[in-house]
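FYI, it's all coordinate maths here, none of it is from the lab. In this text the structure is predicted, and so the values were computed from the model without any measurement. Positions of Cβ are generated from backbone atoms using ideal geometry, with glycine treated the same way; all protein chains shown enter the neighbour counts.
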């Protein structure tokens, strides 16, 4: 068999001519080159963790998934493996349903546990974990670290850490102007949050939307990049919006994200509030296949 050698992350790996199939899906959009891109690799039994990291870095998306023949799914970023993440679960479900188009319910088996994704026409909704409502923070502390004034935040809605699998701090802003003007002080934020609940980032929301059909506009920024659509944080948002009566209980609403970075996304949210308790948190939307092909399998 013909082989060649290459250097990946400083180590020698041998490339084999047997192909490894992949697809690229744009998730939380019905239009190509919108939403959040996801690489999905199939028949990945036997790949090492090092090889999965190498392929993830080569794809250069925020996350990449690896599906085994029995449909177990692993999620990788360039630097870590994740037990759960929203847009990788939804995008992988679309890739699996493409192979079984008669199936309306796809179970994505990630390390955190199986996630049910139910299809209705061209959209799908995934059921997330029941929410945990954690720490509440003071606007006078948080606002300056976001480059904002206290007056930019909605006063009657708490700044709260919420989790439906991956915790996020939900911050409600009054206007789109405030949303556009945020300037995070990352060292100060990291120092502050090191003293309290673990959280995976800040999810900014505002009722001042670009599309009147959307209930809220969202942004998710990290020290390295901005995320065009964040399915795990959207679950936290769905739970938060239901708990504080911003979104009606049990009704599917639209949320927009990614427009300010040229990757417009539309996310569907739903959560049920009964007797003050929030459950049945669902997040979904559409996904579109944009690329497919094969690579040489790493040995």
- request: Note the angle between two axes, namely the Cα long axis of helix 86-99 and the longest principal axis of the Cα atoms of the chain, as a number of degrees from 0 to 90, rounded to the nearest 10.
  value: 40 degrees
message: Quick check: residue separation of residue 100 and residue 296 times 0.36 nm, minus the Cα distance between them. What number comes out in nm?
response: 68.0 nm
- line: Largest first and rounded to whole Å, the semi-axes √(5λ) derived from the alpha carbon gyration tensor of the range 132-285 read 22, 18, 14
query: Would you list 220, 102, 279 from fewest to most Cβ contacts within 10 Å?
result: 102, 279, 220
task: Between residue 149 and residue 50, with labels modelled 7 Å along Cα→Cβ, what's the label distance in nm to one decimal, could you check?
output: 5.6 nm
query: FRET efficiency for residue 249 and residue 71, Cβ-Cβ distance as r, R0 = 35 Å, nearest 0.05?
result: 0.60
message: Suppose we keep just the DSSP beta bridges with both residues in the range 132-285; what percent of those would be antiparallel, to 5?
response: 75 percent
query: Using 7 Å Cα-to-Cβ label points, what is the residue 122/residue 21 separation (nm, one decimal)?
result: 2.4 nm
Taking 296, 87 and counting other C-beta atoms within 10 Å, the order from fewest to most: 296, 87
message: As an exercise, use a Förster radius of 22 Å and the Cβ-Cβ distance of residue 184 and residue 133 to find the FRET efficiency, rounded to the nearest 0.05.
response: 0.40
message: How would 23, 266 line up from fewest to most surrounding beta-carbon atoms within 10 angstrom?
response: 23, 266
field: Relative contact order computed over the range 144-195 (Cα-Cα under 8 Å; 6+ residues apart), in percent
entry: 44 percent
query: For residue 78 and residue 112 in one chain, what is 0.36 nm times their gap in residues minus the Cα-Cα distance, to one decimal in nm?
result: 10.3 nm
query: What distance in nm separates the simple spin-label points at residue 277 and residue 212, each placed 7 Å from Cα in the Cβ direction?
result: 4.0 nm
